[in-house]
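A.B. asks: Submitted below is the structure of interest, expressed as structure tokens.
The values are calculated or read from the model by the stated rules, or taken from the named source; none is laboratory data. These numbers were taken from a predicted model, which means no experiment stands behind them. Positions of Cβ are backbone-derived with ideal geometry, glycine not excepted, and every protein chain shown enters the neighbour counts. Quick note on the areas: whole protein, heavy atoms, side chains included, nothing else; ligands and nucleic acids left out. Shrake-Rupley method; radii C 1.70, N 1.55, O 1.52, S 1.80 Å.
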Amino acid sequence: MPFANHTTSVPVTVDDDKCIAEKGCRVCIDVCPLDVLAINPASGKAHMKYDECWYCMPCEVDCPTGAVKVEIPYLLR
Amino acid sequence: MSAFDSEMKTEIVETDILVIGGGTGGPMAAIKAKEKNPALKVVLMEKANVKRSGAVSMGMDGLNNAVIPGYATPEQYVKEITVANDGIVHQKAVMAYATGSYPMIQYLDSIGVKFEKDGSGEYNVRKVHHMGTYVLPMPEGHHVKKALYRQLRKHQVLVTNRYMATRLLTGTDGRVAGAIGVNTRTGEFLVIRAKAVVLACGAAGRLGLPASGYLFGTYENPANCGDGYAMAYHAGAGLANLECYQINPLIKDYNGPACAYVTGPFGGYTANNKGERFIECDYWSGQMMKEFYGELLSGNGPVFLNMTHLAEETISEIETILHSNERPSRGRFHEKRGTNYREKMVEMHISEIGFCSGHSASGVWVDENARTTVPGLYAAGDMASVPHNYMLGAFVNGGIAGEDAADYCASTDLPAYDAADVAREQARVMAPTRRDDGLTPFEMEYKARRLVNDYLQPPKVTAKYKIGQARLAEVRDDLSALCVKDPHELMRALELQSILDCADMAAAASLYRTESRWGLYHWRVDHPATDNENWFCHTLLYKDEMGRMAHKKRAVDPYVVEIDEDEMGAYHQLRTPAIAAE
């Protein structure tokens, strides 16, 4: 049973210019209750890897540089 | 597959007390156990990170059940909760909560949790319940988790973040012996041997499918998917009154609280499409939900939260509370929809079903010491059976569990366990990692939860429930094809299995109680009347020696606070007189 690739828009976006992941910051990744953020291997910055969001906002509120933005997922909006 | 080593890494740790769940009740259990006996080793296992985990990840906008001298007495509160639950309560546990309520508020105040006070420094308590006065706003309640975290560090509680407990270990003598956990980022195993275990894993809030179709658009934190209920069940503990579902009146699609408890004392109210009130009391009871459900289906639906008549300064104050605590993204939601509280009523709907004693009465059975039916195993918070206990109840009952567990540890040793149990559990956990193709956790979860909506949502119809059970059994058979490619998906695959266990328990518990009770929560269309002669009792669901789901009745203990016959009906007359007369 082969798999399909299913693409969705993601509610959490990270401004690469403001993100300081390269300095070792992992705050947003650490605090996410659903563990959906990770380092993007291509950019070295944080990104939303899994579209499994409770739009709860610790990632945005705790980010030290204001790089993270939470939107309401499209299906609920 | 490449993300998993073929050799499993397993670490074994020994402790006095293991607390599973680092949200609300869990940290308090750990803190109070250490306060009782600082020499004890206490490990707190958390699936996410204790800094921001659980239902109060972003704080809380108020206490819904504060029993504060001068406003309410423990006796009044016990009476209110007994009446709101149609009499089926273990009053001693509700009383233990009620008497612990005010000391806990003072303790939380002392560690930096902020509550609303008036000019003279007194708590500013407000009325929402039908009878008493118990609501204390928390306009600056966003610091709850930070205050807890400071105490965890101060008391040197050992925290293991990103480990998901999958099963409890049972000792060869029947006592609880610890738990098995798996790291959600590496797939490594952690076996924790303990003398006592406190379960504080939250509600089963990922059971039904939200109407939006978004799997994680739930009222509860979706990490609270029923792991605690499933672990307690497989360890042989009794689960009480699971048929008394959690169904909440929420902002449509956003699926967060509307929130009548916050807005009610300011003059906000629940209204139908004519802008009229149709219920007298916005307190979440089964009867209130039945009135809400009826209004939605009538020509008077949808149902709204109305604040349009309030003064500008009142609305600004409500916005400040609601948009900075508990679910702060609601402001963003309203903005996109063009909903301004000043001009437009907020459209509401009822939630999908779940288990939760925090708001309802469906939980792992506990007595007034937070003890389950398994020796050494405790439960607290949304997943334990103390009804309507909300955040403050999680703190109080968590504290009770921690203190009692500390005493219990003093007189017991570390139970022996069978290593074969660990090997069997590791094989179950890792099975989906051993397949190269098959079904994904996402599609299996979607299907299971869609079936919950189609067949288990009240009104409960026996014929639909039987079909639901058969279809859910088919999904369970499909677990043999479940396939994951990384540890994150493995976590979702394990959560799916908790959800399936909870769905089976919801169906079986509902079919067992052949009467209707608790308004919408247990409305059995084939048994529409309340039958006090046969069903004025708790139901306990448990796993029998053969591994089958079994049930028994448990008598309601003699009340510690007597209730008059005429008081018992207080929550049955919630419809406003003008509408009721139509």
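A.B. asks: Over the range B:1-149, what is the percentage of antiparallel beta bridges among all DSSP beta bridges, to the nearest 5? Numbers along the way, then the final one.
C.D. replies: Working: 4 of 8 bridges.
Roughly 50 percent of the DSSP beta bridges within the range B:1-149 come out antiparallel.
A.B. asks: Please compute the alpha carbon radius of gyration of chain B, then divide it by the globular-protein estimate 2.2 N^0.38 Å. Two decimals is fine.
C.D. replies: Numbers: Rg = 22.7 Å, N = 582, 2.2 N^0.38 = 24.7 Å.
Ratio of Cα Rg to 2.2 N^0.38 Å: 0.92.
A.B. asks: Find, among the trypsin sites (Lys or Arg not before Pro) in the range B:345-454, those assigned to loop by DSSP (not H, G, I, E, B) with at most 16 other beta-carbon atoms within 10 angstrom.
C.D. replies: Within the range B:345-454, the qualifying trypsin sites (Lys or Arg not before Pro) (loop, at most 16 other Cβ atoms within 10 Å) are B:Arg435.
A.B. asks: Starting from the range B:1-49, pick out the trypsin sites (Lys or Arg not before Pro) whose DSSP state is loop and whose Cβ has at most 11 other Cβ atoms within 10 Å.
C.D. replies: Numbers: sites: B:Lys9, B:Lys32, B:Lys34, B:Lys36, B:Lys41, B:Lys47; in loops: B:Lys9, B:Lys41, B:Lys47.
When the trypsin sites (Lys or Arg not before Pro) of the range B:1-49 are filtered for loop state and at most 11 Cβ neighbours within 10 Å, B:Lys9 remain.
A.B. asks: Rg(Cα) of the protein assembly as shown divided by 2.2 N^0.38 Å? It would help to have the intermediate numbers written out before the result.
C.D. replies: Values: Rg = 23.4 Å, N = 659, 2.2 N^0.38 = 25.9 Å.
Normalised Rg, Cα atoms only: 0.90.
A.B. asks: If you don't mind, there's one more thing I want to ask. Can you give the relative contact order of the range B:10-114 as a percent, counting alpha carbon pairs under 8 Å and 6+ residues apart? Please report the intermediate quantities before stating the final value.
C.D. replies: Values: 86 pairs, mean separation 22.1, N = 105.
This gives 21 percent for the range B:10-114.
A.B. asks: Let a ≥ b ≥ c be the square roots of the eigenvalues of the Cα gyration tensor of the range B:524-582; is it rounded (a/c under 1.5), or, if not, prolate (a/b larger than b/c) or oblate?
C.D. replies: Values: a/c = 3.54, a/b = 1.78, b/c = 1.99.
Note, shape of the range B:524-582 comes out oblate.
A.B. asks: At a probe radius of 1.4 Å, what is the per-residue accessible area of B:Asp282, in Å² to the nearest 10?
C.D. replies: 20 Å²
A.B. asks: Which shape class, rounded, prolate or oblate, goes with chain A when its Cα gyration tensor gives a ≥ b ≥ c as root eigenvalues, a/c under 1.5 marks rounded, and past that a/b bigger than b/c marks prolate?
C.D. replies: Working: a/c = 1.99, a/b = 1.35, b/c = 1.48.
Taking the square roots of the gyration eigenvalues as a ≥ b ≥ c, chain A is oblate.
A.B. asks: Moving to a separate point now. Taking a quarter of the surface of the convex hull around the Cα atoms of the range B:282-334, what do you get in nm²? Can you show the working numbers first?
C.D. replies: Working: hull surface 19.8 nm².
For the range B:282-334, averaging the hull's shadow over all directions gives 4.9 nm².
A.B. asks: Next up: What whole-number value in Å² describes the accessible area per residue of the range B:257-380 for a 1.4 Å probe?
C.D. replies: Working: 3960 Å² over 124 residues.
Value returned for the range B:257-380: 32 Å² of accessible area per residue.
A.B. asks: I'd like the distance between the alpha-carbon centres of the range B:112-146 and the range B:529-582, rounded to an integer number of Å.
C.D. replies: 31 Å
A.B. asks: Mind checking the log10 I(q)/I(0) for the range B:463-582 at q = 0.15, 0.17 Å⁻¹? Debye, one equal scatterer per Cα, no solvent, two decimals.
C.D. replies: Calculated log10 I(q)/I(0) at the listed q: -0.91, -1.03.
A.B. asks: Let me ask something else about it. Return the long-range amide H neighbours of B:Val159 (sequence gap of 5 or more, or a different chain), with a cut-off of under 5 Å between placed amide H atoms.
C.D. replies: Hits under the 5 Å cutoff: B:Leu44.
A.B. asks: Using only protein heavy atoms and a 1.4 angstrom probe, determine the accessible area buried between B and A, summed over both sides, in Å² to the nearest 100.
C.D. replies: Working: alone 21310 and 5630 Å², together 23780 Å².
Between B and A, the summed buried area is about 3200 Å².
A.B. asks: May I have the convex hull volume per residue, in Å³, for the Cα set of the range B:185-271?
C.D. replies: On the way: hull volume 15.4 nm³, N = 87.
Hull volume over Cα atoms, normalised by residue count, gives 177 Å³.
A.B. asks: For peptide B:211-219, how many partner chain Cβ atoms fall within 10 Å of a residue's Cβ, on average?
C.D. replies: Values: counts 2, 5, 2, 13, 3, 13, 7, 1, 0.
Average per residue, whole number: 5.
A.B. asks: Pulled fully out, how much extra length does the chain show between B:Ala550 and B:Glu533, if you take 0.36 nm times their separation in residues and subtract their Cα-Cα distance? Intermediate values should be presented prior to the final figure.
C.D. replies: Working: separation 17, 0.36 × 17 = 6.12 nm, distance 2.18 nm.
Result for the pair: 3.9 nm of gain on full extension.
A.B. asks: Where does the range B:337-442 land on Rg(C-alpha)/(2.2 N^0.38 Å)?
C.D. replies: Working: Rg = 21.3 Å, N = 106, 2.2 N^0.38 = 12.9 Å.
Rg over 2.2 N^0.38 Å, computed on Cα atoms: 1.64.
A.B. asks: For q = 0.19, 0.21, 0.22, 0.23 Å⁻¹, what log10 I(q)/I(0) does the range B:408-481 give under the Debye formula with an equal point scatterer on each alpha carbon and no solvent?
C.D. replies: -0.84, -0.92, -0.97, -1.02
A.B. asks: While we're here: Which one of B:Leu540, B:Met568, B:Tyr521 has its Cα pushed farthest toward the positive end of the charge dipole of the range B:520-582, where Lys and Arg give +1 and Asp and Glu give -1 at the Cβ?
C.D. replies: Of B:Leu540, B:Met568, B:Tyr521, it is B:Leu540.
A.B. asks: Two-decimal Rg/Rh of the range B:449-496 from alpha-carbon positions, Kirkwood Rh? List each step's numbers first, then the result.
C.D. replies: Numbers: Rg = 13.5 Å, Rh = 12.1 Å.
Rounded to two decimals, Rg over Rh is 1.12.
A.B. asks: For A:Asn40 and B:Ala419, FRET efficiency with R0 = 56 Å and r from the beta-carbon atoms, rounded to 0.05? Could you put the intermediate results ahead of the total?
C.D. replies: Working: r = 41 Å, r/R0 = 0.74.
The computed FRET efficiency comes out at 0.85.
A.B. asks: Something else: About the Cα centre of chain B, what is the dipole size in debye to 20, counting +1 per Lys and Arg Cβ and -1 per Asp and Glu Cβ, all else neutral? It would help to have the intermediate numbers written out before the result.
C.D. replies: On the way: 61 positive and 72 negative charges, 254 e Å.
In debye, rounded to 20, chain B gives about 1220.
A.B. asks: Mean Kyte-Doolittle of at least -1.0 and a Cα length of 20 Å or more along the axis: which whole DSSP H helices of chain B meet both?
C.D. replies: Those that pass (Cα extent of 20 Å or more, hydropathy at least -1.0) are B:91-110, B:390-410, B:462-477, B:487-512.
A.B. asks: Choose one of B:Leu158, B:Ala147, B:Thr170: the residue whose Cα lies farthest towards the positive end of the charge dipole of the range B:117-193 (beta-carbon charges +1 Lys, Arg; -1 Asp, Glu; about the Cα centre).
C.D. replies: B:Leu158
A.B. asks: Contact order normalised by length for the range B:431-582, with contacts defined as Cα pairs under 8 Å and 6 or more residues apart; what percent is it?
C.D. replies: Relative contact order for the range B:431-582 comes out at 22 percent.
A.B. asks: Here is a further query. Test of the criteria: in the range B:321-409, which GluC sites (Glu not before Pro) are in a DSSP loop and have at most 12 other Cβ atoms within 10 angstrom of their Cβ? Don't skip to the end; give the middle numbers.
C.D. replies: On the way: sites: B:Glu326, B:Glu335, B:Glu343, B:Glu347, B:Glu352, B:Glu368, B:Glu403; in loops: B:Glu326, B:Glu343, B:Glu352, B:Glu368.
Answer by residue number: B:Glu343.
A.B. asks: Please report, in debye to the nearest 20, how large the charge dipole of the range B:149-264 is about its Cα centre when each Lys and Arg carries +1 at its beta carbon and each Asp and Glu carries -1 there. Intermediate values should be presented prior to the final figure.
C.D. replies: On the way: 11 positive and 6 negative charges, 115 e Å.
Here the range B:149-264 has a charge dipole of around 560 debye.
A.B. asks: What is the Cα convex hull volume of the range B:64-174 when expressed per residue in Å³? Show your work: numbers first, answer last.
C.D. replies: On the way: hull volume 20.2 nm³, N = 111.
Given the Cα convex hull of the range B:64-174, per-residue volume reads 182 Å³.
A.B. asks: Right, another one. What are the ³J(HN,Hα) couplings of the range A:47-62, residue after residue, when phi is run through the Karplus curve with 6.51, -1.76, 1.60 and θ = phi - 60°? Round to Hz, x for glycine and proline.
C.D. replies: So the Karplus estimates, Gly and Pro as x, are 8, 8, 8, 10, 7, 9, 10, 9, 6, 8, 5, x, 4, 6, 5, 8 Hz.
A.B. asks: Once you average over the residues of B:46-53, how many Cβ atoms of partner chains fall within 10 Å of each Cβ?
C.D. replies: That works out to 5 on average.
A.B. asks: Can you compute the charge dipole magnitude of the range B:259-341 about its Cα centre, using +1 on each Lys and Arg Cβ and -1 on each Asp and Glu Cβ, nothing else charged? Give it in debye, rounded to the nearest 20.
C.D. replies: On the way: 8 positive and 11 negative charges, 78 e Å.
My answer is approximately 380 debye.
A.B. asks: Further, regarding this structure: In a shell of Cβ-Cβ distance under 12 Å around B:His349, excluding B:His349 itself, what net charge do Lys and Arg (+1) and Asp and Glu (-1) give?
C.D. replies: On the way: positive: B:Lys252; negative: B:Asp253, B:Glu295, B:Glu347, B:Glu352.
With Lys, Arg at +1 and Asp, Glu at -1, the net is -3.
A.B. asks: If you find the alpha carbon centre of the range B:1-38 and of the range B:161-233, how far apart are they in angstrom?
C.D. replies: Cα centroid to Cα centroid, the span is 11 Å.
A.B. asks: Determine one quarter of the surface area of the Cα convex hull of the range B:161-213, which equals its mean projected area, and express it in nm² to one decimal. It would help to have the intermediate numbers written out before the result.
C.D. replies: On the way: hull surface 21.9 nm².
Averaged projected area of the range B:161-213's Cα convex hull equals 5.5 nm².
A.B. asks: Counting only C-alpha contacts under 8 Å and six or more residues apart, can you give the relative contact order of the range B:531-582 as a whole percent?
C.D. replies: Relative contact order of the range B:531-582: 25 percent.
A.B. asks: Ignoring solvent entirely, what values of log10 I(q)/I(0) come out of the Debye formula for the range B:1-103 at 0.15 Å⁻¹ when each Cα is a single scatterer?
C.D. replies: Each listed q maps to, in turn, -0.88.
A.B. asks: How big is the accessible area of B:Trp523 in square angstrom, nearest 10, if you roll a 1.4 angstrom probe over the protein chains?
C.D. replies: 70 Å²
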